[in-house]
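A.B. asks: This structure is in structure tokens; I'll ask about it shortly.
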Amino acid sequence: MTTTGTDEPSYRLGFDLAEVSRLWRHALDARLKPLGLSTARWVALVNLSAHPEGLTQNALAFRVGIKGSTLVRQLDQLEADGWVERRAQPGDRRVKRVFLTPKARPALVSIAAVGRSLRRELLRDSSDAEIRACVRLLGRVKARLQPLAGPLAGPLAADGRASPRLVAAE
């Protein structure tokens, strides 16, 4: 019997999750680069696409899971490249709402195609049952982690499950 627990199946899970996440993000970044995007930019655009009425910068930062100051730099770049625009909120000019520009709408179709292609490539020899089982396991772990992760982790749904921050995760 080992005292470190390295023989337990769960031992490597955290390490492997972090590594898979890093590698998946790296592969997605490489495929989004020709579109002038990155995973970080994609996450902001996908979240905005679900809100045609726009989102305040604070609401978008919360949904993306980053601090407002980090988002401001990202929005500066997205706005300079013509992907988003910021407008003063009626009634409180200090609050800025973020909207997709017409340039971003067709790009979202390309972004979805890039994500779909990568998923198919990475999961090509995985059955639907395996994927569903993995999603269920990750959902339970995520729901238990969110209360421990603080305010940027996002809210829980009414049924206690973690609410997705992304509308169309690729």
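A.B. asks: Quick one, what does Rg over Rh come out to for region 37-116 if you take C-alpha atoms and the Kirkwood Rh?
C.D. replies: When Rh is taken as the Kirkwood radius, the ratio is 0.95.
A.B. asks: Still on this structure, I have one more. How large is ³J(HN,Hα), in whole Hz, for each residue of region 127-136 in order, when computed from phi with the Karplus curve 6.51 cos²θ - 1.76 cosθ + 1.60 and θ = phi - 60°, using x for Gly and Pro?
C.D. replies: 7, 4, 5, 5, 5, 4, 5, 5, 4, 5
A.B. asks: Can you give the direction-averaged projected area of the convex hull of the alpha-carbon atoms in region 10-84, in nm²?
C.D. replies: That works out to 6.0 nm².
A.B. asks: Right, another one. Starting at the first residue of region 93-104, write each ³J(HN,Hα) from the Karplus equation 6.51 cos²θ - 1.76 cosθ + 1.60 with θ = phi - 60°, in whole Hz, x for Gly and Pro.
C.D. replies: With coefficients 6.51, -1.76 and 1.60, one gets 5, 6, 8, 10, 9, 10, 10, 6, 8, x, 4, 6 Hz.
A.B. asks: Working from the pairwise distances between different alpha carbons, so that the mean of 1/r is found and then inverted, what is region 1-154's Kirkwood radius in Å?
C.D. replies: Across region 1-154, the inverse of the average 1/r is 17.9 Å.
A.B. asks: Which three extents, in whole angstrom, do the alpha-carbon atoms of region 71-122 cover along their principal axes, largest first?
C.D. replies: Result for region 71-122: principal-axis Cα extents of 47, 20, 19 Å.
A.B. asks: Would you grab the residues whose amide H sits under 5 Å from the one on T56? Only those 5+ places off in sequence or on another chain, please, with H modelled 1.01 Å from N.
C.D. replies: V98
A.B. asks: Another question about this same structure. Can you list residues whose amide H is under 5 Å from V95's amide H, if they're 5+ apart or on another chain and H is modeled 1.01 Å from N?
C.D. replies: Placed amide hydrogens put Q89 under 5 Å from V95.
A.B. asks: When only DSSP loop residues count, what trypsin sites (Lys or Arg not before Pro) in region 9-112 have their Cβ near at most 13 other Cβ atoms within 10 Å?
C.D. replies: Those that pass, being in a loop and sparsely packed, are R12, K67, K103.
Every read-out reported here was derived from the displayed coordinates using simple, explicitly stated rules and does not represent laboratory data. If you're wondering where the values come from, they're calculated on a predicted model, not measured in any experiment. FYI the Cβ positions are ideal-geometry reconstructions off the backbone, even for glycines, and counts take in every protein chain you see.
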